[in-house]
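Chemist: One structure follows; several queries about it will come next.
Rule-based calculations on the coordinates, nothing more; no lab input. Nothing here was measured: the structure is a model prediction, and the numbers come from that model. Every residue, glycine among them, receives a Cβ derived from its backbone with ideal geometry; neighbour counts consider all protein chains shown.
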Amino acid sequence: MTTVPARWTAALRGILFRPRGPFRRSFFRSPLRGPWLTAIFASALLVGVTAEFVTGLLSYAAYNPDLLGNDKTPGKGILGFYLFDWPTHPHWLYRVSQGLHVTLGMAVIPLLLGKLWSVIPKLFSWPPVRSPAHLLERLSLLLLVGGAIFEFATGVVNVQYWYVFPASFYRVHLYGAWIFIAAFVMHAVLKFPTVVRALRSRRLRTELHTDRGHTVPEDPDPDELVSPDPAPATISRRGAVGLVGTGSLLLAGLTVGQTLGGRWRQTALLAPRRADPGRGPNGFQINKTAAFRGVTAAAREPTWRLAVHGPTTRITLSRGELLAMPQHAARLAIACVEGWSSGNQTWSGVRLRDLARLAGVATPASAQVQSLQRGGAFAAATLRRNQILDADSLLALTVNGAELSLDHGYPARVIVPDNPGVHNTKWVERITFTK
Ligand SMILES: Nc1nc2c(c(=O)[nH]1)N[C@H]1C(S)=C(S)[C@@H](COP(=O)(O)O)O[C@H]1N2
Ligand SMILES: [Mo]
């Protein structure tokens, strides 16, 4: 015979622990959800995320973070184990890999949303924790989903110039990437057999020929992605895959113009519009103007002299003296971490290696470049030996045959092949070469 209190506890437990809202299995009713659709999105994501990770690591290496003054990211720590000397050739490598990182990053967003949509019932599993192993799995999913959202959100925010970071963007994006990728690899390995099985369960070609009227749910699966009570289809699987694919292409298409530069820039509707570069030889993309950086007066100062320092030598050169030195021209593009590029321009000026020789170091280990700019980011950068010695590495005085404009770095700016834009310092005041 049941005592009254026991019956009450059972009833109470029934009320308290009954799954509600999205925690009920019958809540999500799309007939499209199932292992096959999830596996399709997952496979595409695997490619996209891997490419993002590789280009991201390359981007970090290109920063030369182990050089003095470039330490925006923890280069010498364990995360920098793979760092290598970033080359100066091919001169378009950073532009391509960073353009890919940003464009592909945008393209992956619809894919990520599609994938999350396809597994959303799993996020509301009931009871929330069934066992210690289940708890671990859920925590790893938190890192996975949280990490993905964090990486894409910080990336988009940076590319869109909304500087809202409590710490350096590079640092949070890099740390986040390692946490995310660890969870991602674990998830990919654990789910690999499921994905292979799911991909084999249906034929892609057949799915792409199935319209909405013939779209039926997948077979019930152990992961319970398939709804136990599916509603009629409002879109075919082909439609869902097409929707995500079109979204990806659209985002990529509206972004990539900023990397291509020139007229293509007009098509980059999703890229932020910066200062109007105007027309003429200096009429190409400007990132930070002289006014924004507060250098207008200092840069116009006729008494400006470039200081060239070596271990034992200190000289100063006027712009006239620099122009009297052997001039060299190179067609190079500025490529920014945010994915945009100036496109190739013809820069001309003094070779950095000629300046190094003047400073008494024919083969310097590094060059610290200091701008006239006081305060604000990017006022200084350090270049490494191969960047100084490259025949196309210049302290540019003119561009496209005209004097450098104030916004492009007058009286002199650094331009080095394959160098991230941020290290092509403008309004240079001093270069210190070290042995
Ligand atoms: N002194 C100084 N140099 C600088 C910057 C800056 O803000 N200050 N911006 C850098 C960044 S982030 C980039 S991408 C390039 C852009 O060059 P541009 O402004 O001529 O297009 O300049 C770099 N040189
Ligand atoms: Mo930049």
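Chemist: Quick one: which residues, 5 or more positions from G343 or on another chain, have an amide H under 5 Å from its amide H? H modelled 1.01 Å from N in the peptide plane, none for Pro or chain starts.
Modeler: The answer is I334.
Chemist: Along the charge dipole of the stretch 1-103, Cβ charges K/R +1 and D/E -1, which of L79, V49, A11 sits furthest on the positive end?
Modeler: Of the listed residues, the answer is A11.
Chemist: Picking from L100, W178, T267, whose Cα lies most toward the positive end of the charge dipole for the chain (charges on Cβ: Lys, Arg +1; Asp, Glu -1)?
Modeler: It is W178, whose Cα lies furthest towards the positive end.
Chemist: Treat the count of other C-beta atoms within 10 Å as a stand-in for reagent exposure and order W36, W92 from fewest to most.
Modeler: Listed from fewest to most nearby Cβ atoms, that is W92, W36.
Chemist: Compare the Cα positions of G376, T432, S393 along the charge dipole of the stretch 306-435 (+1 at Cβ of Lys, Arg; -1 at Cβ of Asp, Glu; about the Cα centre) and return the one farthest towards the positive end.
Modeler: Value: T432.
Chemist: Also: Order these by the 10 Å Cβ neighbour count, fewest first: T296, T303, T255, T312.
Modeler: T303, T312, T296, T255
Chemist: May I pose another question? Normalising by the residue count of the chain, find the relative contact order in percent from Cα pairs under 8 Å and 6+ residues apart.
Modeler: For the chain, the relative contact order is 19 percent.
Chemist: Now for a separate question. Run the dipole for the stretch 138-247 about the Cα centre, Lys and Arg Cβ at +1, Asp and Glu Cβ at -1, nothing else charged, and hand back the magnitude in debye, nearest 20.
Modeler: That gives the stretch 138-247 a dipole magnitude of about 340 debye.
Chemist: Which residue fluctuates most in the GNM of the chain (Cα springs below 10 Å): R384, R305, R18?
Modeler: R18
Chemist: A follow-up question, please. Report, in debye and to the nearest 20, how large the dipole of the chain comes out about its Cα centre when Lys and Arg carry +1 and Asp and Glu carry -1 on their Cβ.
Modeler: 680
Chemist: Another question, then. Which of the helices in the chain, when you take each full DSSP H run, stretch at least 27 Å along the axis at their Cα atoms and have an average Kyte-Doolittle score of -0.5 or higher?
Modeler: Span-like helices, by this rule, are 35-62, 93-118, 132-159, 169-201.
Chemist: Need one word for the chain: rounded, prolate or oblate. Basis is the Cα gyration tensor (sqrt eigenvalues a ≥ b ≥ c); a/c below 1.5 gives rounded, then a/b vs b/c decides.
Modeler: prolate
Chemist: Related question: Please report S393, S26 as a ranked list, fewest other C-beta atoms within 10 angstrom at the top and most at the bottom.
Modeler: Least to most surrounded, the residues fall as S26, S393.
Chemist: Would you look at the GNM of the chain, springs on alpha carbons closer than 10 Å, and say which of Y161, Y60, Y410 moves the most?
Modeler: Result: Y161 has the largest fluctuation of those listed.
Chemist: For the chain, modelled as a GNM with alpha-carbon contacts under 10 angstrom, which of A233, A107, A380 fluctuates the most?
Modeler: Comparing A233, A107, A380 in a Gaussian network model of the chain, the most mobile one is A233.
Chemist: Per residue of the chain, what 222 nm ellipticity follows from adding -39500 (n - 2.57) for every DSSP H run with n ≥ 4, rounded to the nearest 500?
Modeler: The helix-only estimate for the chain comes to -13500 deg cm²/dmol at 222 nm.
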